[in-house]
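The values are calculated or read from the model by the stated rules, or taken from the named source; none is laboratory data. On a predicted model such as this, the values are computed, not experimentally measured, just so you know. Virtual Cβ from ideal backbone geometry, glycine too; neighbours counted across all protein chains shown. The protein model used for the area step is the full one, side chains on, heavy atoms only, and it has no ligands, DNA or RNA in it. Shrake-Rupley method; radii C 1.70, N 1.55, O 1.52, S 1.80 Å.
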Amino acid sequence: MESSANGIYLAYIDQHLQQIGCDSRSIFEAAGFAYPSYIQPGERVPLAALARLVDVMHLELAGSSHEDFFLQLGQQIPFVAHGNFGAAIMSCQNVFDVMR
């Protein structure tokens, strides 16, 4: 079975790219995604495809003021978007307990 991630992460990445003034369409298309229909609600995305997107973004943002893109992105994604893992983080006393 191929490893995958929740497709909602693509929507968060797209939204944040637009917020910082990047051409998200060209980034997604360079990574092999059909934009704007790159994902449907509830779908999962193969980790290999997500990795291609990260590679393209890394090249696009290198040397810019947005090199901390993923830190900024992480601040915008609510814990509930991470499903059971996010719920566990919110309900535990420390993250180490969640990871165990």
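Label-to-label distance for GLN18 and ALA48 is 3.0 nm, based on points extended 7 Å past Cα in the beta-carbon direction. Shown for the range 1-48: the carbon plus sulfur share of the solvent-accessible area, taken with all protein chains present and a 1.4 angstrom probe, equals 51%. Shown is the FRET efficiency for GLU67 and TYR35, computed with R0 = 35 Å from the Cβ-Cβ distance and rounded to the nearest 0.05: 0.90. Could you tell me which of PRO41, TYR9, HIS66 has its Cα farthest along the dipole of the range 1-69 towards the positive end, charges placed at Cβ (Lys, Arg +1; Asp, Glu -1), taken about the Cα centre? Result: PRO41.
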